[in-house]
1. For the condition out of contact with any helix residue (DSSP H, G or I) (no Cβ under 7 Å at 6 or more places or on another chain), open to solvent by less than 40 Å² (accessible area, probe 1.4 Å) and among the small types (Gly, Ala, Ser), what is the one hit in B:GLY85, B:GLY72?
2. Out of curiosity, is A:ASP67 acidic (Asp, Glu) and surrounded by 17 or more Cβ atoms within 10 Å (Cβ to Cβ)?
3. Anything in the range B:23-38 that is within 18 Å of B:GLY59 (Cα to Cα) and either more than 10 Å from every other protein chain (Cβ to nearest Cβ) or surrounded by fewer than 18 Cβ atoms within 10 Å (Cβ to Cβ) (or both)? List them, or say none.
4. If I filter the range A:43-57 down to residues being assigned to a loop (DSSP other than H, G, I, E, B) and open to solvent by 80 Å² or more (accessible area, probe 1.4 Å), which single residue comes out as farthest from the other protein chains (Cβ to nearest Cβ)?
5. Looking at (1) at pLDDT 95 or above; (2) open to solvent by 20 Å² or more (accessible area, probe 1.4 Å), which is the one condition that is false for A:ALA78?
6. Go through the residues of the range B:48-66 one by one and say whether even a single one is in contact with a Pro (Cβ under 8 Å, 6 or more places away or on another chain), surrounded by 13 or more Cβ atoms within 10 Å (Cβ to Cβ) and without any contact (Cβ under 8 Å) to a residue 24 or more places away in the chain.
7. Give A:THR100, A:THR93 a once-over and let me know the one that is open to solvent by 50 Å² or more (accessible area, probe 1.4 Å), of a type in the set (Val, Ile, Thr), closer than 23 Å to B:GLY3 by Cβ and modelled with pLDDT under 95.
Amino acid sequence: DAKTTQPPSMDCAEGRAANLPCNHSTISGNEYVYWYRQIHSQGPQYIIHGLKNNETNEMASLIITEDRKSSTLILPHATLRDTAVYYCIVRVTGGSYIPTFGRGTSLIVHP
Amino acid sequence: GAGVSQTPSNKVTEKGKYVELRCDPISGHTALYWYRQSLGQGPEFLIYFQGTGAADDSGLPNDRFFAVRPEGSVSTLKIQRTERGDSAVYLCASRRDRGVGEAFFGQGTRLTVV
């Protein structure tokens, strides 16, 4: 699976949008982009995934660049409960899938 | 509950002892993963089961670590002759099957070796 690069930390004001970038310049055509987050003392939680098109669900939006070499996870109205470590993972379709985590981005949402 | 359940939530053991950590995946999920997470690090892959068999155990650090899933549901991670360096949070996750889909994680077992 392609490797990803994320900034180690970010902060955001409560109520504002949090935009978390991820670089995956070696991504191949059959690889999806997945995002998970891990709130302190909990297991990772799935947020969203996408292949080419932008995706939105009740938690977040995922914007994937046209060349697919990078993506941005958007939390449109961050709350204090969104403080967590966010992981961007790239994986192939089908077959065995082993989520491989880097160090992620530690997002702190402040009042 | 409907989620992945791990027991115990906390385990303190003495160096050299044997421990077992249990994972109850979501019912019907055929894929099961074990991870280990140290402070400030992302989860580190240990072993992956597809059904009853270990499809990939390349992440197990040494032969003191072993995991089983005899009936394709509950899994047990076993650590022999524990060392202080084994102290970490051990996470279990399950997925419905192969292909596209999310993995659901348990809350983890915090293992402390003293």
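1. Numbers: B:GLY85 fails: open to solvent by less than 40 Å² (accessible area, probe 1.4 Å).
Among B:GLY85, B:GLY72, only B:GLY72 is out of contact with any helix residue (DSSP H, G or I) (no Cβ under 7 Å at 6 or more places or on another chain), open to solvent by less than 40 Å² (accessible area, probe 1.4 Å) and among the small types (Gly, Ala, Ser).
2. On the way: acidic (Asp, Glu): yes; surrounded by 17 or more Cβ atoms within 10 Å (Cβ to Cβ): no.
So A:ASP67 fails the test.
3. So the first thing to find is which residues in the range B:23-38 are within 18 Å of B:GLY59 (Cα to Cα), and the list is B:23, B:31-38.
Hits for the range B:23-38 are B:CYS23, B:LEU32, B:TRP34, B:ARG36, B:SER38.
4. To start, the set of residues in the range A:43-57 that are assigned to a loop (DSSP other than H, G, I, E, B) comprises A:43-44, A:51-54, A:57.
Okay, now just the ones that are also open to solvent by 80 Å² or more (accessible area, probe 1.4 Å), so A:52-54.
Working: A:LYS52: 13, A:ASN53: 14, A:ASN54: 17 Å.
Here the residue is A:ASN54.
5. Here A:ALA78 clears every test but (2).
6. Pass one, the range B:48-66, residues in contact with a Pro (Cβ under 8 Å, 6 or more places away or on another chain): B:52.
Filter once more, keeping what is surrounded by 13 or more Cβ atoms within 10 Å (Cβ to Cβ): B:52.
With the extra rule that they be without any contact (Cβ under 8 Å) to a residue 24 or more places away in the chain, the set shrinks to B:52.
Yes, the range B:48-66 has at least one match.
7. Working: A:THR93 fails: closer than 23 Å to B:GLY3 by Cβ.
Sole residue among the options that is open to solvent by 50 Å² or more (accessible area, probe 1.4 Å), of a type in the set (Val, Ile, Thr), closer than 23 Å to B:GLY3 by Cβ and modelled with pLDDT under 95: A:THR100.
The values are calculated or read from the model by the stated rules, or taken from the named source; none is laboratory data. The shown structure was predicted, so the numbers you read here are calculated from the model rather than taken from an experiment. When we count neighbours, we look across all protein chains shown, and the Cβ atoms used for this are built from the backbone with ideal geometry, even at glycine. The accessibility values were calculated without ligands, DNA or RNA, using every heavy atom of the protein model including side chains. Shrake-Rupley method; radii C 1.70, N 1.55, O 1.52, S 1.80 Å.
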